[in-house]
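Report on one structure; see the data block that follows.
Bear in mind these aren't lab numbers, they're just calculated from the coordinates by the rules spelled out. Everything numeric here is computed off the predicted structure, so don't read it as measured data. Methodologically, a virtual Cβ is constructed for each residue, glycine included, from the backbone with ideal geometry; neighbour enumeration extends over all protein chains shown.
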Amino acid sequence: MSFTIAIDGPAAAGKGTISKAVAAHFGFGHLDTGLLYRAVGRKTLDGMPAIQAAQSLTADDLKADDLRTGHVAQAASKVASIPEVRAALVDFQRAFARRSGGAVLDGRDIGTVICPDAEVKLYVTASDEVRAERRYLELSANGHAVTREGVLEDLRERDARDSERATAPLKPADDAYLVDTSGLSIDQAIAAAIAAVDQVKR
Ligand code: CDP
Ligand code: CDP
């Protein structure tokens, strides 16, 4: 039996952290769909055309070790506005969503476009400043030379591009449950997400 949990929201809102924990709690699989766009963006930085990169994407491409940088995130956000790039990634995401045993997918358009029939949809958000501070701490802790201003600028630029694009823009699905993590600890955010799933599941 498949059961799909769609988790969308702006950059560094806590989608990945919550998705991993929710998937572990319910014994579901987890797909970070942002990684697909980051891997495509990464290949364009090496000179490959975006559509070709999306159509030829392999599991190995998702293992590149520099996918988490702001530089790659910007490239990801740019290729993500190309309809043919998005189209090339749809089947893989939908197949994952339907896997037996349950699936959590996080991204920007999971509840709106990829899995409009998902059993549970969450829209995870937080203020710009809180998100930038969290991502700044995360990148610094991983040895990246970043500034608070630079990270805030990256998030704002991507959020604007992701929200304003014509194809699959970032926005909450009409039936999404909103989780604002600005004032929540990681444990509280995870608990809120699990509670929302429990309401549907039982
Ligand atoms: O996946 P997304 O970009 O939405 O965010 P994330 O990578 O899960 O979270 C960004 C950073 O915020 C991570 O370092 C998390 O540990 C942290 N975080 C937090 O401090 N408090 C939360 N309630 C959620 C995430
Ligand atoms: O971790 P963070 O939230 O900063 O970014 P991400 O989830 O890794 O996504 C990187 C970029 O990929 C986003 O800024 C979007 O442009 C794009 N993306 C998308 O368009 N649709 C998705 N389902 C996931 C990511």
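Quick notes on this one:
- Neighbour-count order for Asp180, Asp175, Asp106, fewest beta carbons within 10 angstrom listed first: Asp175, Asp180, Asp106
- Using the Cβ-Cβ distance between Thr167 and Asp117 with R0 set to 22 Å, the FRET efficiency from 1/(1 + (r/R0)^6) comes to roughly 0.65.
- Rough spin-label spacing in nm, given labels placed 7 Å along Cα→Cβ, for Asp60 and Asp128: 4.1
- For segment 30-145, the Kirkwood hydrodynamic radius comes to 15.3 Å, computed from all pairs of different C-alpha atoms.
- Cβ charges +1 (Lys, Arg) and -1 (Asp, Glu), total dipole of the chain, debye: 360
- For the chain, the mean projected area of the C-alpha convex hull, equal to one quarter of the hull surface, is 10.7 nm².
- Additional length obtainable on full extension of the chain from Phe92 to Gln188, 0.36 nm per residue less Cα span: 31.4 nm
- Across Lys63/Lys171; Lys20/Lys201; Lys15/Lys171, pairs whose alpha-carbon gap is larger than 24 Å: Lys63/Lys171
- Rounded to the nearest 500, the helix-only mean residue ellipticity at 222 nm of the chain stands at -16000 deg cm²/dmol, with each DSSP H run of n ≥ 4 adding -39,500 (n - 2.57).
- Spatial separation of Cα centroids for segment 116-130 and segment 16-30, in angstrom: 14
- Among Asp198, Asp65, a tally of other beta-carbon atoms within 10 Å of each Cβ gives an order, fewest to most, of Asp65, Asp198.
- Here the gap between Met1 and Gln52, fully extended at 0.36 nm per residue and compared with their Cα-Cα distance, gives a gain of 14.9 nm.
- Relative contact order of segment 4-201, pairs being alpha-carbon contacts under 8 Å that are 6 or more residues apart, as %: 34
- Our estimate of slack between Arg99 and Glu84, defined as 0.36 nm per intervening residue step minus the Cα-Cα distance, is 2.9 nm.
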